[in-house]
Amino acid sequence: MSRNWWNPFDGMEELTFRPVEGGGFLYRAPNPWLFGRYRHYFVNAEQKTVLASAHRTTMRQTFWTIVVGAAACGPIAGVFLPSHSNAQQLAYLGVSALIGLAIGLILNALLVHRVKPIIATLTPSSERITRRDAFSTQATAFSRRYVLGFTVLSFVMLALSAARPIFDPAGRDLMAIVGITLFGFATVYWCAVYIAKCRREAS
């Protein structure tokens, strides 16, 4: 169950585990390069607790990195980008993406370092945690109020992103498209999680 309603990453560590028959869990270890195939292992309850703690620390670091980055870069984007050309906005987004990727690799490397001693003692598995498994776990781990809160927040951000290009033709730029796409996806996703949560509780 999530613990901090204001942190969208809180409880996300549970997505890396799946209960297996006979007791224990299947664990998806972090990929050193962020992308590609993940290695999976069998773990017991004690090992899961230690691994989940390492993942939780990384999620917390990720959240605060995003908060600090948004606080530092948000005002710059809000003041300068609306008056710039799409090419300049694309360059800004490209640089931001590269910086984000570099930070992501660093945080992921720290996570790999934390769990490496434990992984060395684990038994590899050919089973896999699928996206469907992860989605099901998320619908179970998060409370209905938590999911509804982020559904509403995503929708509000979507409305704000769409308002400028709708009411001001000059606002139909790259930043508006990115904002609508990002928050539109987030709204659809959180709605899907909420519906799955309600169906699971009703069954």
Q.
If I build a Gaussian network model for the chain, linking alpha-carbon pairs within less than 10 angstrom, which residue out of Leu111, Leu51, Leu122 has the largest mean-square fluctuation?
A. Leu122
Q: Quote the charge dipole size of the range 152-203 about the Cα centre in Debye, to the nearest 20; the model charges only the Cβ of Lys and Arg (+1) and of Asp and Glu (-1).
A: 220 debye
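Normalised by the residues of the chain, what does the relative contact order come to in percent, with Cα pairs under 8 Å and at least six apart?
Working: 210 pairs, mean separation 54.2, N = 203.
Reported relative contact order: 27 percent.
Quick check on packing: order 144-151, 9-16 by the mean number of other C-beta atoms within 10 Å, highest mean leading.
With the highest mean Cβ count within 10 Å placed first, the list reads 9-16, 144-151.
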Q. Which of these values of semi-axes √(5λ) of the Cα gyration tensor in Å was calculated from the structure shown: (i) 27, 22, 15; (ii) 30, 22, 14; (iii) 35, 22, 14?
A. (iii)
Q.
As an exercise, use a Förster radius of 30 Å and the Cβ-Cβ distance of Glu201 and Ile118 to find the FRET efficiency, rounded to the nearest 0.05.
A. 0.35
Q: Quick one: order Asp173, Asp168, Asp133 from most to least accessible surface, probe 1.4 Å.
A: Asp168, Asp133, Asp173
Q: Taking 7 Å along the Cα-to-C-beta vector as the label spot, tell me the Arg131-Glu21 distance in nanometres, rounded to one decimal.
A: 2.7 nm
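What's the extension gain from Ala45 to Thr140 if we count 0.36 nm per residue and subtract their Cα-Cα distance? Working shown, then result.
Numbers: separation 95, 0.36 × 95 = 34.20 nm, distance 1.83 nm.
Length gained, Ala45 through Thr140: 32.4 nm.
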Q | Hz values of 3J(HN,Hα) by residue in the range 189-203 - Karplus curve (6.51, -1.76, 1.60), Gly and Pro given as x | A | 5, 5, 5, 5, 5, 5, 5, 5, 5, 5, 5, 5, 6, 7, 7
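The values are calculated or read from the model by the stated rules, or taken from the named source; none is laboratory data. The shown structure was predicted, so the numbers you read here are calculated from the model rather than taken from an experiment. Glycine also receives a Cβ, built like all others from the backbone with ideal geometry; neighbour counts cover every protein chain displayed. Remember, those area values only see protein heavy atoms, side chains included, never the ligands or the DNA or RNA. Shrake-Rupley method; radii C 1.70, N 1.55, O 1.52, S 1.80 Å.
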